[in-house]
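The values are calculated or read from the model by the stated rules, or taken from the named source; none is laboratory data. The structure displayed is predicted, hence computed values, not measured ones. Glycine also receives a Cβ, built like all others from the backbone with ideal geometry; neighbour counts cover every protein chain displayed. Calculation scope for accessible area: heavy atoms of the full protein, side chains included, ligands and nucleic acids excluded. Shrake-Rupley method; radii C 1.70, N 1.55, O 1.52, S 1.80 Å.
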Amino acid sequence: MKKAILAIIILCAAGLAHAVEEIRLWHSMSGALGAELDRLVARYNASQKDYRVVSYFQGAYDEVMADEIEVRKGTRRQPHIVQVNESATADIMRSDAARPLWQILQESGRMPDAKYLPAVSGYFSDAQGRLLALPFNGSTPVLYYNRDAFRKARLHPEKAPHTWYEMPKTLAALVESGQACALTTAWQSWVLVENMSAWHNQRFATEHNGMSGAGARLAFNTRLMVRWISMLASWQKSGYFTYSGRGKEAEARFASGECAMLTSSSASYSELRKNARFDLGVAQLPYYDDFDEAPQNTLVGGSALWALAARAGSGYRGVADFFAYLLRADVQADWHQRTGDVPLTTAAYELTRKQGFYRTHPGHEIAVRQLLLQPTEDSRGIRLGGLRRIRGIIDEELESVWNGGKTPLDALNAAVRRGNLMLEDIR
């Protein structure tokens, strides 16, 4: 009898183990972020017994997209979820590779009663405001500054310039105090062009930046952008602004103390705080106060988790369960506080406030506040095919301004023209 009972227990255990369904997640997060993702996945797996999420690091964002396309051809084992950079949103939508998130949650009965940060969810939503994918590691540009450098220049260490018109006086004082580099920027296309357009409620492209459908064309060679790039070019000649590169090279120059101010992603706050050997300040991205609709909202950058199409119904139930877990306020708040990414829901934001996190990490709240305003049709996001290549074109043309080869107007016109030719080819 004992042997029979033991055999039944073993068979039941084997049946239960077999019932646990594997959900495969492909991602691009390495280092500290990758470790946090592994921790998050482990917590989810321990919270229930029906599904087991397994995460696979696939390399850079571009490599994940390449793998996803290969999977669609049937040459590799398909994942359930892929992490895709926000710049490839239009590309994955056009490929029909993914199913809408709202549909999966609705079919599974897991539709959460959550209020999303408007500028975060808007980027990844359809015309009815329904989420197409789950925003994951979101960020937005902010202004970082060296409070010690401000003190040396006899500037108030708690009062960073609020508008761009206030900036020259601050830059002059920093240069006069011996600062080798007063202001620099990372990710220049994203920060200087895309976000500056949204921050002032100016369109980047037609068709509401491509959010209203196909056929959008670039249109960022506006009065605002010509004024802005012209101002930066004049600051460069005066030694106030320094170009540091297309990516995050500027962050290292700022952290070393070489540059006193930096515009870059809010997601860099934790790393900069750890690496900087000075009193680090974080402030709202400055704006032109003679634009009536500014400040509007900045754009969310980062990535989203997409559920791939052609999964069995049971697979979608597991994906829905995992996504519903990720949308919980406590999970969102924990991820926000541990990684520096902005939270997806207002509930997570309020929970973080109640926990007192912003008293010791004020820079994180500044980023969230820039995303709290209800976005307009021209500040919701940018949904264009080949956006990563468009950013490369903008980088090239801006560099022609920084090296004196073109005027700001000529460079912006050229960027719009070249980008539109590329969009014609995609269409």
Of the residues Arg391, Arg427, which is modelled with pLDDT of 95 or more and open to solvent by 20 Å² or more (accessible area, probe 1.4 Å)? Arg391
Can you tell me which residues in region 92-115 are outside any loop (DSSP other than H, G, I, E, B), at pLDDT 85 or above and of a type outside the set (Val, Ile, Thr)? Ala98, Arg99, Leu101, Trp102, Gln103, Leu105, Gln106, Glu107
Within 22 Å of Phe150 (Cβ to Cβ) and open to solvent by 30 Å² or more (accessible area, probe 1.4 Å): which single residue out of Met261, Met231, Met167 fits that description? Met231
I'd like to verify a number: residues in region 52-61 that are at pLDDT 90 or above and of a type in the set (Ser, Thr, Tyr), how many? 2
One residue is enough: does region 313-331 have a residue meeting the conditions open to solvent by less than 50 Å² (accessible area, probe 1.4 Å) and part of a loop (DSSP other than H, G, I, E, B)? yes
Pairs with Cβ under 6 Å, 6+ apart, first in region 170-190 and within 18 Å of Leu398 (Cβ to Cβ), second open to solvent by less than 10 Å² (accessible area, probe 1.4 Å) and among the hydroxyl-bearing types (Ser, Thr, Tyr): Thr185/Thr263; Ala186/Ser264
Hits in region 62-85 - residues which are open to solvent by 10 Å² or more (accessible area, probe 1.4 Å) and modelled with pLDDT of 85 or more: Asn85
Within the set of pairs 6+ apart or on separate chains, which have a first residue in region 322-334 that is touching a residue at least 60 places away in the same chain (Cβ under 8 Å) and within 17 Å of Ala46 (Cα to Cα), a second that is open to solvent by 20 Å² or more (accessible area, probe 1.4 Å) and of a type in the set (D, E, K, R), and C-beta atoms under 7 Å apart? Ala324/Arg110
Looking at region 355-388, which of the residues that are over 18 Å from the mean Cα position of the chain (by Cα) and more than 22 Å from Gly340 (Cα to Cα) is surrounded by the most Cβ atoms within 10 Å (Cβ to Cβ)? Thr376
Which pairs do you get when a residue that is more than 14 Å from Asn137 (Cβ to Cβ), found in region 35-50, comes within reach of a residue that is open to solvent by 80 Å² or more (accessible area, probe 1.4 Å) and at pLDDT below 95, reach meaning Cβ atoms under 8 angstrom, with the pair 6+ apart or on two chains? Lys49/Leu16
Cross-chain or 6+ apart pairs with Cβ under 6 Å, region 19-32 first and in a strand (DSSP E or B), then among the hydroxyl-bearing types (Ser, Thr, Tyr): Glu21/Tyr51; Ile23/Tyr51; Leu25/Ser55; Trp26/Tyr56; His27/Ser55
Out of (1) modelled with pLDDT under 85; (2) more than 22 Å from the chain's Cα centre (by Cα); (3) buried (at least 22 other Cβ atoms within 10 Å of the Cβ), the one Ser121 does not meet is (2)
Quick one: count up the residues across region 44-56 that are farther than 16 Å from Ala320 by Cα and assigned to a helix (DSSP H, G or I). 1
Any residue in region 203-221 that is closer than 19 Å to Asp425 by Cβ sitting within a Cβ distance under 7 Å of a residue that is loosely packed, with under 14 Cβ neighbours inside 10 Å? List the pairs, counting only those 6 or more apart or interchain. Glu207/Gly213; Glu207/Gly215; Ala214/Arg427
